[in-house]
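J.: Structure in structure tokens, see below.
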Amino acid sequence: MTALLVGLLVGACMALFGAGAGSITIPLAVHFMHLSYHTAGIAGLVVVLSSGTAAAFIGSRKGLVVFRAALPFLILSTPATLIAAQFGRHISNRTSALLLVALLISASLIFWFRHQEQEAKHNLVRGSLGAIAAGGTSGILGVGAGFVVVPSLRLASGLTIAKAAATSSLVLAVNSIAALIVRHNEAKSITSLWLLALASVAGALLAGSVSHRIPSKLRHRGLSILLLGFAIVTLVDALTK
């Protein structure tokens with residue numbers, strides 16, 4: 001039941017605020033599913049995989065997923081995910097929590113100061129570095145790559161915002177599969193994974209019907225505050241436990 005509620009909440013937040021909201025999966029899994037920060041990363045991977053697959057399917061039906069842009073991006077990000085996932089298996093629970101704090105604060109600042117999107121200038125080097133960073137983030141933490149992938153795809157391939165967002169869903173899903181392959185032994189310890197995955201998709205579909213009514217700036221500011229709040233909670237956990 002707890003996994004169902006966590007999945008619905010995360011899915012709804014991702015629909016309302018965007019892929020960056022997937023980062024709240026880990027602190028929610030820690031506090032409501034009673035997982036360690038390290039193990040909760042698996043829950044994050046499952047949510048990203050399920051929601052990313054659903055979003056990529058919907059985007060492909062609308063012609064928004066650009067496979068020729070996703071392939072070179074995945075060639076860089078997937079190996080980074082595999083390497084980082086191997087490294088992530090050996091870091092402590094406190095280190096996982098502190099890395100998550102850094103990610104949440106960084107994402108919070110990015111979304112708070114994000115203005116109306118401009119057309120991205122093509123920059124292959126920065127886009128490629130973004131692909132590697134996104135893969136590494138997925139591998140170590142399980143979440144957090146969403147706010148890196150979209151701008152990196154636009155830099156590397158010059159995609160429009162809509163196409164980059166849809167294509168990023170495919171990239172995130174594939175990277176999540178790569179990380180889960182490395183960390184599959186940990187995944188077996190979470191009995192509610194399927195329920196969490198299905199609930200996150202359901203939550204996204206339910207909230208998606210009203211997400212377009214919320215102004216973009218308000219969504220970015222709301223997500224920024226949400227991420228900062230979870231960063232504070234996670235930091236307190238890391239320093240006191």
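The values are calculated or read from the model by the stated rules, or taken from the named source; none is laboratory data. Because the structure is predicted, anything quoted here is derived from the model rather than measured. Note that each Cβ is placed from the backbone with ideal geometry, even for glycine, and that neighbours are counted across all protein chains shown.
J.: Looking at the stretch 139-160, which of its residues are closer than 17 Å to residue 71 by Cα, hydrophobic (A, V, I, L, M, F, W, C) and in a helix (DSSP H, G or I)?
T.: Within the stretch 139-160, 148, 149, 150, 153, 155, 156 qualify.
J.: Still on this structure, please answer the following. Residues of the stretch 59-74 being more than 11 Å from residue 174 (Cβ to Cβ) and either at pLDDT 90 or above or more than 18 Å from the chain's Cα centre (by Cα) (or both), which ones?
T.: Listed by number, the residues that qualify are 60, 61, 62, 63, 64, 65, 66, 67, 68, 69, 72.
J.: Based on what the data block shows, is residue 100 within 22 Å of residue 51 (Cα to Cα) and modelled with pLDDT of 80 or more?
T.: Considered against the rule, which asks whether it is within 22 Å of residue 51 (Cα to Cα) and modelled with pLDDT of 80 or more, residue 100 comes out as yes.
J.: Would a scan of the stretch 38-52 turn up a residue that is of a type outside the set (Ser, Thr, Tyr) and either touching a Cys at 6+ places or on another chain (Cβ under 6 Å) or not in a helix (DSSP H, G or I) (or both)?
T.: Within the stretch 38-52 (the criterion being of a type outside the set (Ser, Thr, Tyr) and either touching a Cys at 6+ places or on another chain (Cβ under 6 Å) or not in a helix (DSSP H, G or I) (or both)), the answer is no, since none of the residues qualifies.
J.: Another question about this same structure. Just the residues that are farther than 16 Å from residue 71 by Cβ and in contact (Cβ under 8 Å) with a residue 12 or more places away in the chain, please, taken from the stretch 161-187.
T.: Once the filter is applied, which keeps residues that are farther than 16 Å from residue 71 by Cβ and in contact (Cβ under 8 Å) with a residue 12 or more places away in the chain, the stretch 161-187 yields 161, 162, 165, 176, 179, 180, 181, 182, 183, 186, 187.
J.: Pick from 35, 100, 8, 104: which is in a helix (DSSP H, G or I) and either of a type in the set (D, E, K, R) or surrounded by fewer than 23 Cβ atoms within 10 Å (Cβ to Cβ) (or both)?
T.: Going through 35, 100, 8, 104 in turn, the sole match is 8.
J.: Here's another thing I want to ask about it. Give the residues of the stretch 219-241 that are closer than 15 Å to residue 93 by Cα, modelled with pLDDT under 90 and hydrophobic (A, V, I, L, M, F, W, C), sorted by residue number.
T.: 238, 239
J.: While we're here: Taking into account only those residues within the stretch 163-191 that are small (Gly, Ala, Ser) and at pLDDT below 80, which is nearest to residue 33 (Cα to Cα)?
T.: Once the filter is applied, the top-ranked residue is 189.
J.: Looking at the stretch 18-32, which of its residues are buried (at least 23 other Cβ atoms within 10 Å of the Cβ) and within 12 Å of the chain's Cα centre (by Cα)?
T.: Passing the criteria: 19, 20, 21, 22, 23, 24, 25, 26.
J.: Hey, among 208, 136, 222, 203, which residue is assigned to a helix (DSSP H, G or I), farther than 19 Å from residue 24 by Cβ and touching a residue at least 40 places away in the same chain (Cβ under 8 Å)?
T.: Result of the check over 208, 136, 222, 203: 136.
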